[in-house]
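K.L.:
Dropping the structure in here first, questions after.
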Amino acid sequence: MSYRIRFTKLAQKDIKKLSPKLKAKLQDILRNRLAVNPFSGKVLIGDLEGYYSVRLSYKDRIVYSIHEAELVVVVVRAKTHYGE
């Protein structure tokens with residue numbers, strides 16, 4: 001069973017700013033990790049409680065939520081969540 005991937009408008013803006021290398025890495029992570037097992041990411045706490053995170057680069061993270069009933073992963077951010 002595979003999850004579908006959706007993007008918020010903010011995530012789409014973030015993706016446009018990524019380098020081609022990071023875009024390819026993002027696509028690989030989405031297809032081979034999050035679509036298969038979205039619970040493999042780090043559970044976030046604090047202001048981002050209820051979200052998960054996967055490292056994209058040293059400073060960039062993929063922040064997402066999981067809608068299990070619809071089998072959908074919603075990517076909220078694809079850059080840093082450290083106050084940019």
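Every number in this text was worked out from the coordinates using simple rules, so none of it is lab data. Here the structure is a predicted model, which is why all the values come from computation and not from measurement. Positions of Cβ are generated from backbone atoms using ideal geometry, with glycine treated the same way; all protein chains shown enter the neighbour counts.
K.L.:
At 0.36 nm per residue, minus the direct Cα-Cα distance, what do Lys59 and Arg33 gain on full extension? Give it in nm, one decimal, please.
P.N.:
The span from Lys59 to Arg33 would gain 7.4 nm if fully extended.
K.L.:
Looking only at chymotrypsin sites (Phe, Trp or Tyr not before Pro) in DSSP loops with at most 15 other Cβ atoms within 10 Å, what is the longest site-free stretch of the chain?
P.N.:
1-57
K.L.:
Quick check: pseudo-label points 7 Å beyond the Cα along Cα→Cβ at Ala24 and Met1, how many nm apart are they?
P.N.:
For Ala24 paired with Met1, the spin-label model returns 3.4 nm.
K.L.:
I've got another one for you. Using the Karplus equation 6.51 cos²θ - 1.76 cosθ + 1.60 (θ = phi - 60°), what ³J(HN,Hα) coupling, rounded to whole Hz, does each residue of the stretch 24-30 give in order, writing x for Gly and Pro?
P.N.:
5, 5, 4, 4, 5, 4, 5
K.L.:
If you don't mind, there's one more thing I want to ask. If you stretched the chain out fully between Glu68 and Lys16, how much longer would it get, using 0.36 nm times the residue separation minus the C-alpha to C-alpha distance?
P.N.:
That works out to 16.0 nm of additional length.
K.L.:
Which whole-number percent gives the relative contact order of the chain, counting Cα pairs below 8 Å spaced six or more residues apart?
P.N.:
Over the chain, the number comes to 36 percent.
K.L.:
Quick one: which residues, 5 or more positions from Ile5 or on another chain, have an amide H under 5 Å from its amide H? H modelled 1.01 Å from N in the peptide plane, none for Pro or chain starts.
P.N.:
Val73
K.L.:
Related question: For the stretch 71-76, in order, what is each residue's ³J(HN,Hα) by Karplus, 6.51 cos²θ - 1.76 cosθ + 1.60 with θ = phi - 60°, in whole Hz (x at glycine and Pro)?
P.N.:
For the stretch 71-76, the Karplus curve yields 6, 10, 10, 9, 7, 8 Hz.
K.L.:
Distance between the C-alpha centers of the stretch 19-36 and the stretch 44-79? Whole Å please.
P.N.:
Answer, in whole Å: 13.
K.L.:
Provide, in order from the shortest bin, the percent of all Cα-Cα pairs of the stretch 4-77 in each 10 Å bin, continuing until the bin that contains the maximum pair distance.
P.N.:
19, 58, 21, 1
K.L.:
Tell me, what HN-Hα J-couplings in whole Hz come from the Karplus equation 6.51 cos²θ - 1.76 cosθ + 1.60 at θ = phi - 60° for each residue of the stretch 38-46, using x for Gly and Pro?
P.N.:
Those phi angles translate into x, 7, 6, x, 7, 6, 8, 10, x Hz.
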